[in-house]
Amino acid sequence: METDAMSLLRAKIQDVFNEPGCEKNRGKDAKARKEGCSKPLTPGAAAGGCAFDGAKIVLQPITDVAHLIHAPLACEGNSWDNRGAASSGPALWRTSFTTDLTELDVVMGQGERKLFKAILEIKEAYGPPAIFVYPTCVTALIGDDIEAVCKRAAEKYGLAVVPVNAPGFVGSKNLGNKLAGEALLEHVIGTIEPDDAGPYDINILGEFNLSGEFWLVKPLLDRLGIRVRASIPGDARYFDIACAHRARAAMVVCSTALINLARKMEQRWGIPFFEGSFYGISATSEALRQMSQLLVKKGADPEILGRTEVLIAEEEAIAWKRLAAYQPRLAGKRVLLNTGGVKSWSVVHALMEIGIEIVGTSVKKSTVEDKARIKQMLNDDNHIFEQMAPRELYAMLSERKADILLSGGRTQFVALKAKTPWLDINQERQHPYAGYDGMVELVRQIDIAIHNPIWAQVREPAPWDCQPTVREERPLTRSETLTLHAVQEFAGTTANDFGECRGKPIVRILPQTKAAAVNPLKSSQPLGAALAFLGVYGAMPLFHGSQGCTSFALVLLVRHFKEAIQLQTTAMDEVATILGGPDHLEEAILNLKARIKPTLIGVCTTALVETRGDDCAGDIANIRLKRTKELAGTEVVLANTPDFDGAIEEGWAKAVTAMIEGITRSGEQARQSKKIVILPGWNLTVADIEHLREMVESFGLKPVILPDVSGSLDGTVPDRWVTTTYGGTSVKDIRELGTAERCIVIGEHMRRPAEVLQGMTGVSYVLFRSLTGLRDADRFVSLLSTVSGAAAPSGVRRQRSQLQDALLDGHFHFGGKKIAIAAEPDQLYQLASFFIGMGSEIAAAVTTAAKSKIVEEVPAQSVQIGDLGDLEALGAGADLLVTHSHGRQSAQRLGIPLMRVGFPIFDRLGAQHKLTILYQGTRDLIFEVANIFQANGRAPTPEALDPLRKRETPDELRPSPLARH
Ligand code: SF4
């Protein structure tokens with residue numbers, strides 16, 4: 001039997017269906033009107049939101065109200081916190097409240113009691129001016145009398161408790177919108193009398209303030225002296241809505257949602273209204289015009305009409321001028337619009353004005369007039385559709401060669417799976433599109449989306465879908481070996497070295513001019529050499545200098561790796577410094593040999609002995625000659641790494657070169673066809689090297705990686721104390737590098753060791769400047785396929801597909817973002833190329849040295865040779881700082897998030913286990929950056945969006961005290 005509440009609700013629904021303000025209804029006969037607009041649902045077919053959803057969408061942006069859902073968990077638990085409306089004050093609306101009814105509550109009929117108690121709890125804990133109570137299907141079905149509970153609670157607790165009677169089963173989301181309006185009308189509007197009503201008061205109905213976009217419009221109204229009495233619901237307060245009946249006029253923004261409310265307010269309180277839109281330039285102007293005209297009709301001074309025209313003329317001129325800048329980039333681009341309605345006409349008009357072609361638009365919720373206008377503009381019925389199934393939309397994108405789909409989140413993946421740019425212009429959009437500035441923002445976002453470089457990448461065929469052409473250049477003469485590039489053409493690229501960016505503008509390299517380095521970017525060269533020696537099994541790096549240098553380097557290495565690091569010193573004291581260090585060096589080597597029996601002692605010179613001019617190479621040769629017997633079984637190699645030159649990159653490369661020169665057997669040797677030497681750059685993490693090895697092995701190849709820190713610094717716990725490194729490349733393997741079929745080099749700084757290996761053994765090399773990004777990973781896979789003769793395994797193919805998906809999902813967070821990076825040259829190139837490939841801009845690029853030729857290839861306008869002080873000065877205004885842990889203070893001062901890369905990373909765990917290369921590493925980087933942006937996203941504020949304020953006080957960046965003079 002139907003309850004009283006249900007029969008009342010039925011009557012209300014009939015009333016809503018009869019709405020004469022709705023133009024669709026005006027075209028219907030009485031019988032058709034009674035049936036409403038919702039199409040009957042088809043069991044088994046996908047359905048939209050329910051009436052409860054619609055009611056909550058309309059009311060929840062009322063920011064200081066507690067919204068309490070009286071239902072089992074699913075209704076609220078599955079739907080809360082999913083809308084992008086913004087508040088300039090209270091945040092209570094973002095807190096989710098539900099009575100979370102259990103089976104026992106339902107069976108025992110305890111729902112009403114629980115609701116009553118929940119209202120009290122919320123009142124006591126949060127003290128809101130009102131609580132809105134939403135019954136849903138189950139509580140409506142079991143007959144909980146929500147109206148009665150709300151009435152009693154309101155009386156007892158002395159607070160407004162508003163029943164919003166729109167259980168899901170009564171109909172569609174659209175019906176729920178209207179029932180929400182009814183609830184306001186019945187229980188809220190007109191319940192408080194304001195004492196400041198005036199002739200310029202208006203209501204805005206159906207404006208949700210998504211991404212704060214109403215704040216792009218409100219300053220225009222303020223300038224005209226128009227006061228928004230109540231904005232329903234965007235950024236609304238309960239008090240304002242309760243006083244809304246004293247406004248002189250109203251604008252209905254989303255006519256289908258709250259038209260009933262507007263009409264009934266006109267009927268009850270004589271508030272005239274018009275339907276308008278803030279999307280598009282002419283639509284915004286028209287809305288301002290109509291607003292002023294209605295106010296004048298209701299008694300406002302007619303001089304407002306003239307002021308309105310002046311404002312419109314000024315704002316239109318500014319907007320069109322700004323839009324003109326996009327014209328050359330967007331003219332002729334083809335847009336498919338599937339907006340759900342209200343924006344169709346105005347957006348179509350504005351886009352066409354700047355030369356964009358509309359290849360199709362939905363008119364699902366457009367008014368009859370808007371449809372007629374669109375028809376006239378597009379001049380072809382073919383371009384107009386009511387609504388479309390995803391499959392048809394997918395086909396339409398390619399048939400009509402659309403460059404972008406503008407739609408809501410539901411069809412996002414239709415576009416992305418069709419590898420077509422997409423922009424959200426519905427509920428969940430990230431950017432404000434209302435008003436004049438909003439239109440410019442929309443066009444800017446279209447530009448960013450269409451021109452994001454990921455589209456070219458995701459549309460490229462996989463390497464296994466094209467036949468790689470391999471041309472091998474064997475050296476004709478000995479001297480030519482120095483510049484040999486063994487494999488030049490893969491998958492259509494002709495770059496000499498993979499990763500090279502051809503035809504790009506010349507990078508300006510700005511030299512270091514300051515006397516005082518401010519917050520150094522670099523770590524010392526001997527530290528880089530020590531790190532490389534740590535990648536050899538049984539090794540002991542030995543700093544030849546004073547003990548302090550060793551101690552600092554040791555502490556930094558320990559803080560970064562969180563490992564026991566093996567590092568020794570020749571401990572030059574005052575006497576040794578004056579008289580010379582060979583004795584100290586000999587003593588240290590012999591002591592180490594006797595005490596810990598390392599397979600390798602890697603001597604790294606420091607500035608002290610280099611400044612003294614010690615002949616360390618000669619000293620070591622003497623020691624080895626003199627102590628041949630004692631040193632049997634231990635290699636001693638020397639890397640000349642004075643601290644006053646280079647940084648980690650150079651030290652690492654010098655140590656690898658020294659090991660090849662000192663240990664590898666010279667001369668052409670019988671080759672093992674599956675053996676590949678890999679010389680990774682220092683910037684590859686432990687996880688990178690492990691991943692690299694697995695990838696190479698998956699093609700049936702046998703890699704020898706030098707150095708291999710994945711074996712020695714991989715964060716494992718040995719079951720005994722080990723005095724040297726206990727993993728890494730073996731000395732035997734270093735000796736036998738000449739038997740490899742080929743050498744793969746990662747990073748420009750590793751060219752020198754590769755050239756030395758080639759010169760000594762004839763093993764040719766292929767150099768990859770970076771292995772991050774889809775294209776570089778493709779080239780690497782192509783190379784492995786070619787060298788091994790094996791097809792890419794299914795796991796590798798799957799990883800590529802996952803990266804494509806990550807590019808599609810992640811690129812929204814990168815487009816147009818400004819990135820400031822400080823890193824050593826190869827890592828700077830790797831990261832800058834990655835960000836550029838995702839559609840970001842490099843706002844600042846700082847590195848340690850100009851010597852490396854990779855610096856000229858960094859995709860940035862200029863590269864500053866400098867320090868973190870330079871990064872701070874140049875990076876102000878960026879969206880993200882990218883550098884090591886020492887950058888955290890700059891990030892804090894600038895209020896910009898920091899992405900930690902390189903060395904040292906001492907304030908985070910797991911730096912070594914972060915993957916940054918090939919398909920998986922690129923995917924992980926995309927997620928990491930996107931998550932940083934999401935975690936640090938700033939909520940929009942009225943001040944930040946205010947278009948008039950921005951024009952008067954353009955953002956000027958204050959010069960940093962750290963800026964160079
Ligand atoms: S249809 Fe009913 S039960 Fe389902 S979410 Fe909507 S209100 Fe809740």
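Charges were assigned to the Cβ only: +1 to each Lys and Arg, -1 to each Asp and Glu. The resulting dipole of the chain about its Cα centre is roughly 1280 debye. Over all orientations, the chain has a Cα convex hull whose mean projected area works out to 47.7 square nanometres. Residues with beta-carbon under 13 Å from that of Leu534, excluding Leu534: net charge, scoring Lys, Arg +1 and Asp, Glu -1? Around Leu534, the charge tally is -3. From zero up to wherever the largest Cα-Cα distance of segment 746-901 sits, split into 10 Å bins and tell me the percent of pairs in each. Per 10 Å bin, starting at 0, the Cα pair percentages come out as 10, 32, 31, 20, 6, 0.
Aspartates and glutamates near Lys264 by alpha-carbon distance under 20 Å, same-chain residues fewer than 8 away left out - which ones? Of all the aspartates and glutamates, those that pass the test against Lys264 - Cα under 20 Å, at least 8 places apart if same chain - are Asp15, Glu19, Glu23, Glu182, Glu186, Glu193, Asp201, Glu207, Asp240, Glu275. Specify which residue in the list Val637, Ile842, Leu59 is farthest towards the positive end of the charge dipole of the chain, using unit charges on the beta carbon of Lys, Arg (+1) and Asp, Glu (-1), about the Cα centre. Of Val637, Ile842, Leu59, it is Leu59. Under a 5 Å amide H cut-off, with hydrogens placed 1.01 Å from N, Thr569 pairs with Phe543 among residues at least 5 apart or on other chains.
Backbone phi angles across segment 625-640, fed through the Karplus curve with coefficients 6.51, -1.76 and 1.60 (θ = phi - 60°), yield HN-Hα couplings of 5, 5, 10, 3, 5, 4, 8, 4, x, 10, 7, 10, 10, 10, 10, 7 Hz in residue order; Gly and Pro are listed as x.
The Cβ shell under 10 Å around Arg752 holds other residues with a net charge of -1, Lys and Arg each +1, Asp and Glu each -1. When each of the peptides 580-590, 832-842 is scored by the mean number of other C-beta atoms lying within 10 Å of its residues, the order from highest to lowest reads 832-842, 580-590.
Once the Cα atoms of helix 368-378 and of the chain are each reduced to a long axis, what angle between those two axes, in degrees from 0 to 90 to the nearest 10, is obtained? Tilt of helix 368-378: around 50 degrees.
With θ taken as phi - 60° and the Karplus curve 6.51 cos²θ - 1.76 cosθ + 1.60 applied, the whole-hertz 3J(HN,Hα) list for segment 886-895 is 5, x, 5, 6, 4, 4, 5, 4, 7, x Hz, x standing for glycine and proline. Solvent-accessible surface of the chain, averaged per residue with a 1.4 angstrom probe and all protein chains in place: 41 square angstrom.
The phi-based Karplus calculation (6.51 cos²θ - 1.76 cosθ + 1.60; θ = phi - 60°) puts the 3J(HN,Hα) values of segment 545-555 at x, 6, 5, x, 4, 5, 4, 4, 5, 4, 4 Hz, whole numbers, x for Gly and Pro.
Its residue count N sets the reference 2.2 N^0.38 Å, and the alpha-carbon radius of gyration of segment 270-398 equals 1.24 times that reference. Every helix of 4 or more DSSP H residues in the chain counts as -39500 (n - 2.57), and over all residues that averages to -13000 deg cm²/dmol at 222 nm. The mean sequence separation of alpha-carbon pairs under 8 Å and at least six residues apart, normalised by the residue count of the chain, gives a relative contact order of 10 percent. Close amide-amide hydrogen proximity is noted between Ala160 and Ile131, each under 5 Å apart and 5 or more residues distant or on a separate chain (H modeled in the peptide plane; Pro and chain starts excluded). A Cα-only calculation for segment 525-663 places Rg and Dmax at 13.6, 38 Å. For the listed peptides 112-124, 843-855, a ranking on the average number of other beta carbons within 10 Å per residue, highest first, reads 843-855, 112-124.
Ignoring lysines fewer than eight residues from Lys419 along the same chain, the ones with Cα atoms less than 24 angstrom from its Cα are Lys333, Lys401, Lys817. Note that segment 36-186, at 25 °C in a medium of 0.890 mPa s, gets a Stokes-Einstein diffusion coefficient of 157 µm²/s from its Kirkwood radius over C-alpha pairs. Mind checking which of Leu311, Leu894, Leu175 is farthest towards the positive end of the chain's charge dipole, using Cβ charges of +1 (Lys, Arg) and -1 (Asp, Glu) about the Cα centre? Checked the options; the winner is Leu175.
When each of the peptides 622-630, 813-821 is scored by how many other beta carbons lie within 10 Å of its residues on average, the order from highest to lowest is 813-821, 622-630. Amide H contacts under 5 Å for Leu510: Val863, Gln864, Ile865, restricted to partners 5 or more places along the chain or on a different chain, H placed in the peptide plane at 1.01 Å from N. Using every pair of distinct Cα positions in segment 116-271, the Kirkwood expression returns a hydrodynamic radius of 16.7 angstrom. Panel values: segment 519-591, Kirkwood radius from alpha carbon pairs, Stokes-Einstein at 37 °C and 0.692 mPa s, translational diffusion coefficient 252 µm²/s. Per-atom-type breakdown for the chain gives carbon and sulfur 52% of the accessible area (1.4 Å probe, protein chains only).
Considering only Trp93, Thr577, Ser362, and ranking their Cα positions along the charge dipole of the chain that arises from unit charges at the beta-carbon of Lys, Arg, Asp and Glu, the one farthest toward the positive end is Ser362.
Put simply, segment 325-451 fits an ellipsoid with semi-axes of 18, 18, 15 Å; these come from the alpha carbon gyration tensor as the roots of five times its eigenvalues, largest first.
If you look at the Cα atoms of segment 201-322, you get an Rg and a Dmax of 13.8, 44 Å.
The values are calculated or read from the model by the stated rules, or taken from the named source; none is laboratory data. Because the structure is a prediction, the values reported are computed rather than measured. Positions of Cβ are backbone-derived with ideal geometry, glycine not excepted, and every protein chain shown enters the neighbour counts. Keep in mind that these areas ignore ligands, DNA and RNA; they rest on the heavy atoms of the full protein, side chains included. Shrake-Rupley method; radii C 1.70, N 1.55, O 1.52, S 1.80 Å.
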